[in-house]
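Below is one structure, written out as structure tokens; the observations come after it.
The values are calculated or read from the model by the stated rules, or taken from the named source; none is laboratory data. Keep in mind it's a predicted model, so treat the numbers as computed, not measured. Note that each Cβ is placed from the backbone with ideal geometry, even for glycine, and that neighbours are counted across all protein chains shown.
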Amino acid sequence: MDSTPTLPIPISYISGRYLLFSIDAVTYLRREHHICGVLIGTLPQIPQQNVFLGLPLELMPEEARLLVDKGVACIVDEAKAHDGMRSLLEEDRRQYLRELESQGQHAMRILADRKEQQREQTLRKLDEKKAKAQAAEVAKSAAGAEAAASSVPSPAEKDGPNSTLDIFGGDDKPSSPSPATLTNTPTPQQVMGITPATSYPPLPHPASLACELLSKPDVPLSYPVFAHLHSHGYFLSPGLRFGCQYVAYPGDPLRFHSHFLVVSAEWDQEIDIMDIVNGGRLGTGVKKGFLLGGPQKRRDEVDAEADRIDTVRTFSIEWAGM
Amino acid sequence: MVPQQTESPSLELSALTKLIDSSSASGRPLAATTIQILHNLQHQHLWTSLQIHDISTPSNATGMGNIEGSISTAFDTPPTLISGIPPHRVYTHPDEQLFMLEKGIQEDDLQPERLFVIPTAQGQPWSLRRMAAVFDALPSLESSQREPVISTEATDTVDSEKAKKLDEYYERKGHARVTKEWGTKRVLLAMVNKGMGGEGTVVYYIVQEGEVKPRQN
Amino acid sequence: MADADEDAIRGTAVQATQIETDLSDETQDFRLLNHLNFLTDTSSSSLPRRGEKDFEPNPTEFQADVLSSSRQAMHNALAYPRLHNPKNQVIAFYAPDGPAPPPNVEQDTGKTTGRGASVSPDACVYVPNPKGQYFKTMGQADRWGRIWLLPEEALYLLERGSLDIRWPAEVTGGGGEEGADHELSIPMSLQAAYARLMGRGGLTLERFSVFTGLRRIGYSIYRAPGWDDLAEVAAPADENRKDAYTQPLRRGPGLAGILGSLFDWIHDPTSTSSTAAGPVVGCGIHRNYADVYRKLALIPWYDPTLATERDALDTPAPFRVIFHVYKPSTSIKKSARPPPDFRIAVINTREQTTAPTLPQLGALLESTPLDPPHGEKMERQMYMRLRHGYRNVILAVVDQGVTSFLRVADAAFGKEKLYESKNGPSGPKNSGNYRKKKR
């Protein structure tokens with residue numbers, strides 16, 4: 001988990017949005033660059049809920065821009081990059097399939113072991129339940145006991161292990177793929193099918209193919225405030241659901257409550273004084289400050305957007321309590 | 001039905017309207033707001049030593065020919081500030097509060113501090129530039145308003161231990177002013193409700209320069 | 001201001017902390033996932049309580065350790081692979097050019113046992129041997145028994161680990177569906193599926209987020225006619241339409257028209273018979289208050305039951321219904337779906353940066369069917385009626401991956417004649433909002 005992925009990290013530009021599919025990239029950017037993004041995908045191990053979400057990770061254009069400006073990431077036209085699937089060498093294709101198969105076998109073995117343990121455990125539980133049911137039978141009618149016995153969940157359906165199979169952890173890939181046994185009669189119970197998270201491999205690292213790299217992401221006028229707060233150590237999230245542009249956290253949002261509801265304005269942009277009052281009230285209601293700020297320079301006054309970041313001034317607003 | 005009087009009764013003006021009318025400043029557009037808020041601070045919140053300060057915004061100099069006699073909008077009129085001493089502390093930075101708690105210092109032990117107030121009215125347009133101008137003008141205003149230090153010797157029942165703690169506090173505060181860890185410049189933003197059906201309610205918000213973490217209580 | 005407002009703020013503070021305990025609101029502590037037993041607890045949908053968070057970082061090792069373990073847990077949860085047990089593996093193929101007959105179909109063309117050609121031209125993934133529960137509510141069968149999936153359906157199933165989509169042989173070479181050697185075809189990665197399916201047939205990331213967000217928690221969700229942003233009403237509305245909905249009060253169509261008619265009323269004294277000339281209530285004998293109130297009802301009001309019906313395509317994007325949604329309890333036949341339980345418009349905050357205008361919202365509401373309050377509870381409670389409204393639509397506002405759902409309803413205050421009810425209004429006083437945040 002503490003590994004550093006190959007830099008620059010390719011950010012997938014897909015249909016106008018910035019996405020990350022590599023877990024190592026996600027962990028690294030969060031740890032080293034305070035970029036969190038928003039997880040938008042379904043976790044395959046618990047797909048029926050919205051509390052914990054999984055890959056891909058959506059980045060705000062601001063986040064993508066910041067990383068590109070830092071030289072940490074590059075933007076890849078992912079649709080174009082996947083045209084590379086057409087020109088895979090036969091040898092690479094077969095090699096990739098062999099690797100997948102060997103990982104599938106590996107996964108199968110692990111799961112078979114786990115399942116065996118599970119089965120034993122379930123049988124034990126079943127016995128306990130039966131014993132209980134019998135006890136209940138003595139006390140009450142037999143009907144209730146039958147219902148209890150039939151409500152034992154079947155263990156066969158779900159095949160997820162309790163902790164992670166680190167198949168795609170990167171480091172412990174099987175170095176020598178086992179000889180392929182590509183028989184035409186598929187023998188079930190043999191190989192797990194795998195849907196990998198990323199397409200690299202079989203595609204070559206996209207940063208090596210300059211032709212698919214895109215220019216820096218376009219950012220809204222609020223970018224200087226975003227970058228200013230980020231440079232001061234804040235972690236930033238999209239904030240509309242809290243009634244602002246960004247939510248600023250003093251540390252990783254995994255562990256810390258946010259401090260500010262952030263709204264950006266241009267230096268001479270007219271602000272209704274009522275909006276300041278509304279913001280102050282909104283923030284105080286949830287024990288957060290309302291942070292209003294902006295760069296002192298307009299876009300037409302500077303050569304690059306980056307030049308506006310150093311001119312940002314911010315103001316923290318809280319209800320005075322009087 | 002009440003029989004119609006031959007002459008309609010003239011309504012008594014409110015005390016506040018009389019105050020605004022009688023004030024010499026009533027010729028200027030923002031003055032009524034300033035006086036109304038001053039009045040509110042004085043009588044509802046019991047502030048003392050109230051003063052009015054005029055500051056000039058640097059943006060005025062660069063503004064396009066502010067011709068004499070033209071109707072100046074609220075936007076390019078230099079903001080007027082009020083200052084005064086509140087009966088109780090309005091704001092304590094969370095870290096300062098923690099320090100006071102550790103030292104066992106009560107707010108009442110501390111010297112009252114002058115606080116600056118930006119008087120505004122609902123619907124008035126503002127900008128970051130204007131806000132920054134207020135903050136930029138603060139240091140010179142504050143230094144001109146240094147309160148004479150009330151000698152602690154005056155009270156003869158001096159608890160020496162407490163005095164020591166207070167000394168520690170003021171030393172720490174001086175240090176915090178340099179490091180900006182207890183926040184930097186701060187003002188009170190006052191907005192008077194003057195919109196449709198506005199009844200003159202005044203609301204107060206603390207505004208501080210930079211990212212100052214919120215209070216938790 | 002001091003006292004009353006202080007209470008108000010304290011009050012919201014209390015409420016806010018309650019809202020804060022909504023688990024999906026903020027970033028979750030993934031350490032909680034480690035405690036979930038995915039294997040045995042499939043039945044219980046109870047979720048772990050959120051982790052305790054700190055106010056600010058401090059230099060303690062304890063805090064660093066907790067953060068590190070949180071991150072590790074997150075890493076583990078996100079690294080969980082998508083595996084397909086051969087026993088229930090469902091294989092699908094990506095069809096870059098959309099629905100097409102199987103390649104070896106020449107001799108089958110005469111076959112008349114087609115199962116309906118209702119496959120959408122936007123479908124681009126097909127399942128040769130469909131099995132499993134998902135195809136009851138998703139996909140469309142072609143005459144060769146294959147199920148065709150829309151991009152959002154295919155991507156959702158792949159993402160949750162329920163579908164193994166393969167690159168077609170014509171793209172990657174090697175095995176395809178034919179020849180039973182699909183083992184030689186390359187599985188599509190999650191990334192590849194996004195790269196190929198997102199943006200197809202009008203699918204945006206925001207629409208997909210709403211689709212999966214509701215699918216995950218059991219709703220059935222389908223594209224509505226308004227899905228295609230550019231789709232317009234086939235024929236311009238006929239001129240008679242207006243007449244069919246003549247209003248008792250002269251005003252323009254829709255919610256926005258009410259302001260116009262109010263304006264007219266003020267400036268056109270002939271439009272009312274009694275007010276301009278004499279007293280509002282006038283002389284005469286008034287036997288009860290209701291009569292007096294009726295005479296006092298001068299201000300025109302908006303009656304949603306008389307609002308113009310509008311074609312679902314006659315509203316500008318993004319304020320148009322693009323999803324029809326069914327509760328998990330509603331039984332649906334894919335071929336003949338009942339009227340939806342909810343209608344959803346999806347709004348991307350980076351493209352639509354301002355709140356909708358009254359005409360936009362009005363048009364959107366008019367494009368939904370009349371759904372007046374009904375049921376015994378609504379009969380009794382006025383505030384529930386107001387809240388439910390006469391037409392309703394849900395706005396899914398997506399801010400960079402974070403979705404908020406807002407229900408907007410057409411409340412009819414004018415229909416609630418307070419003076420006619422015997423007991424006065426009933427129900428909790430604070431529930432009079434006609435707009436409520438769902439979530």
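Of all the numbered requirements in (1) surrounded by fewer than 17 Cβ atoms within 10 Å (Cβ to Cβ); (2) at pLDDT 85 or above, B:Phe116 misses one, and that requirement is (1).
Filtering A:Leu291, A:Leu282, A:Leu236 for residues that are within 14 Å of chain C (Cβ to nearest Cβ), part of a strand (DSSP E or B) and under 30 Å from the mean Cα position of the chain (by Cα) leaves a single hit, A:Leu236. Regarding C:Ser421, is this residue among the polar types (S, T, N, Q), over 30 Å from A:Ser237 (Cβ atoms) and modelled with pLDDT under 85? Yes, satisfied. Here B:Trp126 fulfils each of the conditions (1) under 24 Å from B:His45 (Cβ atoms); (2) more than 21 Å from the chain's Cα centre (by Cα); (3) at pLDDT 80 or above; (4) among the hydrophobic types (A, V, I, L, M, F, W, C) apart from (2).
Among the residues making up region A:220-233, those that are within 14 Å of chain C (Cβ to nearest Cβ) and buried (at least 19 other Cβ atoms within 10 Å of the Cβ) are A:Ser222, A:Tyr223, A:Phe226.
Taken over region A:286-312, the criterion of being buried (at least 20 other Cβ atoms within 10 Å of the Cβ) and within 19 Å of B:Ala132 (Cβ to Cβ) is satisfied by A:Gly289, A:Phe290, A:Leu291, A:Leu292, A:Gly293, A:Gly294, A:Pro295, A:Arg308, A:Ile309, A:Val312.
Go through the residues of region C:58-76 one by one and say whether even a single one is within 28 Å of A:Thr198 (Cα to Cα), charged (D, E, K, R) and at pLDDT 85 or above. Checked region C:58-76: at least one residue is within 28 Å of A:Thr198 (Cα to Cα), charged (D, E, K, R) and at pLDDT 85 or above.
The residue list B:Gln111, B:Gln97 contains one member that is out of contact with any Cys (no Cβ under 6 Å at 6 or more places or on another chain), at pLDDT below 90, not basic (Lys, Arg) and not in a loop (DSSP other than H, G, I, E, B), which is B:Gln97.
Yes/no per residue for (1) of a type in the set (Asp, Glu); (2) at pLDDT below 85; (3) in the same structural domain as A:Leu100 (by TED's automatic domain parsing):
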residue	(1), (2), (3)
A:Asp172	yes, yes, yes
A:Ser175	no, yes, yes
A:Leu214	no, no, no
A:His228	no, no, no
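Scan region B:128-139 and give yes if some residue there is away from every other protein chain (no Cβ under 14 Å) and either buried (at least 18 other Cβ atoms within 10 Å of the Cβ) or more than 22 Å from B:Ile52 (Cβ to Cβ) (or both), otherwise no. Yes - at least one qualifying residue is present in region B:128-139.
Of the residues making up region B:182-194, those that are outside any strand (DSSP E or B) and modelled with pLDDT of 85 or more are B:Trp182, B:Lys185, B:Asn193. Looking at this structure, is A:Leu261 more than 23 Å from B:Trp126 (Cα to Cα), part of a strand (DSSP E or B) and within 13 Å of chain C (Cβ to nearest Cβ)? No: the conditions fail for A:Leu261. Summed over region C:200-223, the residues that are surrounded by fewer than 20 Cβ atoms within 10 Å (Cβ to Cβ) and of a type in the set (A, V, I, L, M, F, W, C) give a count of 1.
Scanning region A:275-285 turns up one or more residues that are surrounded by fewer than 21 Cβ atoms within 10 Å (Cβ to Cβ) and acidic (Asp, Glu). You will find that of A:Glu301, A:Glu270, A:Glu266, A:Glu318, the residue that is more than 9 Å from chain B (Cβ to nearest Cβ) and either of a type outside the set (Lys, Arg) or closer than 30 Å to C:Ser70 by Cβ (or both) is A:Glu301 and no other. Among the residues making up region C:165-174, those that are touching a Leu at 6+ places or on another chain (Cβ under 8 Å) and within 7 Å of another protein chain (Cβ to nearest Cβ) are C:Thr172, C:Gly173, C:Gly174. Residues in region C:75-100 that are at the interface with another protein chain (Cβ under 7 Å from one of its Cβ atoms) and within 29 Å of the chain's Cα centre (by Cα): C:Ala77, C:Leu78, C:Arg82.
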